[in-house]
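Trainee: Right, I'll just put the structure down here and ask away after.
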Amino acid sequence: MDEVDRAILAVLEREGRISNAELAARVGLSPSPCLRRVRRLEEAGVIRGYRALIDPAAVGRGLRVFVGVRLMRHKHADVVAFEREVVRLSEVVYCHHITGTYDYLLQVEVADLPAYEDFHANRMANLPGVAAVNSYVAMKTLEGRTDRTPS
């Protein structure tokens, strides 16, 4: 991967729907070589896909909660059972296996606090092997760097 590939990735990360012609102009290539590079990055799995960023509040998921989950046991079967079930919960947007006090950090999106209370009591409580849950309600979300340039 060279600097041109990194520049392509930086632009696509911000603007996934940019036309190939515009992308090529931004990274200093003609359209054909640019498209070849993008396809090569896709085939290599560097670009895993494209998606739309949805405003959670516009679709009834205006409350974002980060949830630390600690498991009772760490046997393989227990971990597999938890992971299989947690990804089935539609409210869970991301599930990260982490180090530290908790085993998992979930990003949960629901309509409001009563919806989260219901999720916590009736969905999280039914997950296999959960020993402890700690919730952190997001008051505001700031966008990450938008000026990413190849390093």
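The values are calculated or read from the model by the stated rules, or taken from the named source; none is laboratory data. Keep in mind the model is a prediction, meaning the values are calculated, not measured. Cβ coordinates were reconstructed from backbone atoms using ideal geometry, including for glycine residues, and neighbour counts include every protein chain displayed. The protein model used for the area step is the full one, side chains on, heavy atoms only, and it has no ligands, DNA or RNA in it. Shrake-Rupley method; radii C 1.70, N 1.55, O 1.52, S 1.80 Å.
Trainee: Computed from the coordinates I sent, Rg/Rh (Cα atoms, Kirkwood Rh) equals one of [x] 1.55; [y] 1.09; [z] 1.16. Tell me the label.
Mentor: [y]
Trainee: Using a Förster distance of 35 angstrom, determine the FRET efficiency expected from the C-beta separation of Val133 and Arg17, and round it to 0.05.
Mentor: Efficiency for this residue pair is about 0.40.
Trainee: So which chymotrypsin sites (Phe, Trp or Tyr not before Pro) in the range 1-99 pass both tests, a DSSP loop state and at most 14 other Cβ atoms within 10 Å of the Cβ?
Mentor: Filter output for the range 1-99: Tyr50.
Trainee: Moving on. Placing unit charges on C-beta atoms (Lys and Arg positive, Asp and Glu negative, everything else neutral), compute the dipole magnitude of the chain about its Cα centre in debye, rounded to 20.
Mentor: Values: 21 positive and 20 negative charges, 66 e Å.
Charge dipole, the chain, about its Cα centre: 320 debye, nearest 20.
Trainee: For the range 39-77, which trypsin sites (Lys or Arg not before Pro) pass both filters: DSSP loop (anything but H, G, I, E, B) and at most 12 other C-beta atoms within 10 Å?
Mentor: Here the sparse-neighbourhood loop sites are Arg48, Arg51, Arg73, Lys75.
Trainee: For His97 and Ala121 in the same chain, what is the full-extension length gain: residue separation times 0.36 nm, less their Cα-Cα distance, in nm? Don't skip to the answer; put the middle values down first.
Mentor: Details: separation 24, 0.36 × 24 = 8.64 nm, distance 2.19 nm.
Stretched fully, the His97-Ala121 segment lengthens by 6.5 nm.
Trainee: Using 7 Å Cα-to-Cβ label points, what is the Asp112/Ile54 separation (nm, one decimal)?
Mentor: My value for the distance between the label points is 2.0 nm.
Trainee: Order Thr141, Thr99, most accessible first, counting only protein heavy atoms with a 1.4 angstrom probe.
Mentor: Details: Thr141 80, Thr99 130 Å².
Largest accessible area first, the residues go Thr99, Thr141.
Trainee: Filter the GluC sites (Glu not before Pro) in the range 102-144 down to the DSSP loop ones having no more than 16 other Cβ atoms within 10 Å, then list what survives.
Mentor: Qualifying residues, ordered by number: Glu143.
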